[in-house]
Amino acid sequence: MAKTSTTTQGLRAAIERSGYYPALVAEAVEAAVGGEPVRSYLVHQETTFDQNEVRRHVTVLVLTGNRFIVSHTDEQAADTTSPTPYATTSTESVKLGRISSIVVSRVVANPESYKPGTLPREIVLTIGWGAVARLDLEPAACGDPNCEADHGYTGSSTADDLSLRVSEAGDGPETVRQALAFAQALSEATADPTR
């Protein structure tokens with residue numbers, strides 16, 4: 001990452017603030033970004049409870065001029081393959097033209113008194129680019145309640161490459177703002193007809 005960019009410096013600071021293996025996460029993200037300027041980013045840390053263990057996970061989303069980069073880092077307990085705890089980190093680089101959907105679901109309190117610009121209580125950002133799809137099928141039926149014919153199946157296919165939930169209570173208002181800003185920047189970048 002070019003160290004002169006204010007946005008790039010903000011990304012590095014957000015990774016450091018997350019406190020989650022920042023050297024490992026930053027190195028993976030920097031390698032994926034290469035020399036491209038960072039246009040927008042989101043760093044999201046999630047803690048989960050798995051039986052008797054607490055596990056952490058960090059997702060870093062980066063928008064450059066040409067690509068959308070996703071980085072995931074997870075920690076693992078010692079197991080049969082490793083006598084010591086370890087972390088795995090992966091990055092995926094997606095050309096902006098491949099992004100097929102961006103869904104922002106907002107949850108707001110007291111919608112009857114909502115004022116534009118009020119921060120949602122939480123958002124769910126779902127981004128699809130065709131790498132993963134969920135297929136939901138159910139038996140098809142006709143309108144005749146006495147019909148016993150096999151009408152096959154009906155269903156829907158949903159792009160489900162990435163879904164990220166950010167809440168004011170769990171992540172803080174600044175993370176919700178950053179998630180909304182990232183979603184808007186990504187949406188604007190993919191709306192460019194030359195991509």
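Remarks
- Evaluated with a Cβ-only charge set (Lys, Arg +1; Asp, Glu -1), the stretch 65-152 carries a dipole of roughly 780 debye about its Cα centre, given to the nearest 20.
- Calculated P(r) tail over 26 Å for the stretch 1-121, as whole % of Cα pairs: 36
- Cβ-derived FRET efficiency at R0 25 Å, Ser101 paired with Arg17, nearest 0.05: 0.25
- Rounded, prolate or oblate (a/c below 1.5 giving rounded, otherwise prolate when a/b exceeds b/c) for the stretch 49-106 by Cα gyration tensor: prolate
- Extension gain for the segment Val54 to Ala78, taken as residue separation times 0.36 nm less the Cα-Cα distance, is 7.3 nm to one decimal.
Values quoted throughout were computed directly from the atomic coordinates according to the rules given, and no laboratory measurement underlies them. Fair warning: this is a prediction, and the values are worked out from it, not measured in the lab. Glycine also receives a Cβ, built like all others from the backbone with ideal geometry; neighbour counts cover every protein chain displayed.
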